[in-house]
Amino acid sequence: MKFLMMMLALFLGGGTAAQADDWFEPQRGSALRRNLMDALRPHAWWNLGKPVEFVVNELRVSGDVAFAMLSPQRPGGGAIDPATTPMALRQGYAPADVEGLNMEAFYVKSGNMWVVVDFAIGATDVWWAAGGYCADWHAVIPEVCGG
């Protein structure tokens, strides 16, 4: 995923590591990181079944907005079988139609808590690069919002 982010930055012109100055990644074990994961966890449970933990590929926070790119798994690193997930059994999710179970999510801070505003599981495209997200999340996805 980091490679994809770098390629998007180069493709859109001028994306560099210097743009990362507008956002930061919360440290492992920090309350902020835990709060962001906990905000997404109910969505993961509903779609993937319990329990779920996340491998963080990207986690960006700027002010009251955040963006995450995560790989959900069972505790201890166990793989999640897409065919047996609640979203496959309940919603007709077809594992062959997606690229794994990676999750991306946009957050906003509401009062003292973080809220997931939009998310996707197994997206086959860079859905979050759509221009509509740039108005609110430019600080955490500058490489797709024109710097």
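General observations
- Residue, surrounded by the fewest Cβ atoms within 10 Å (Cβ to Cβ), within region 102-134, restricted to residues that are outside any strand (DSSP E or B) and of a type in the set (A, V, I, L, M, F, W, C): Ala130
- Scanning region 83-113 for residues that are of a type in the set (Lys, Arg) and either on the phi > 0 side of the Ramachandran plot or without any contact (Cβ under 8 Å) to a residue 24 or more places away in the chain (or both) gives a single hit, Arg90.
- Pairs, first closer than 16 Å to Asp64 by Cα in region 122-147, second modelled with pLDDT of 90 or more and of a type in the set (Ser, Thr, Tyr), C-beta under 6 Å, six or more apart: Ala139/Ser62; Val140/Ser62
- Checklist (1) over 13 Å from Ala39 (Cα atoms); (2) in contact with a Leu (Cβ under 9 Å, 6 or more places away or on another chain) applied to Arg90, failing item: (2)
- For region 95-113, the count of residues that are hydroxyl-bearing (Ser, Thr, Tyr), under 12 Å from the mean Cα position of the chain (by Cα) and under 28 Å from Trp23 (Cβ atoms) is at least one.
- Residue selected from region 14-31 under the condition more than 15 Å from the chain's Cα centre (by Cα), under 17 Å from Gly63 (Cα atoms) and not in a loop (DSSP other than H, G, I, E, B), by the criterion modelled with the highest pLDDT: Ala31
- Count - residues of region 79-121 that are at pLDDT 95 or above, of a type in the set (Gly, Ala, Ser) and under 16 Å from Val56 (Cβ atoms): 1
- Answer from Asp64, Asp38 - the residue that is touching a strand residue (DSSP E or B) at 6+ places or on another chain (Cβ under 6 Å), modelled with pLDDT of 95 or more and open to solvent by 60 Å² or more (accessible area, probe 1.4 Å): Asp64
The values are calculated or read from the model by the stated rules, or taken from the named source; none is laboratory data. Predicted model, so just to flag it, every value in this text is computed and none were measured. No Cβ is skipped: glycine too gets one built from the backbone with ideal geometry, and neighbour counts run over all protein chains shown. Heavy atoms of the whole protein, side chains included, go into the accessibility calculation; ligands, DNA and RNA do not. Shrake-Rupley method; radii C 1.70, N 1.55, O 1.52, S 1.80 Å.
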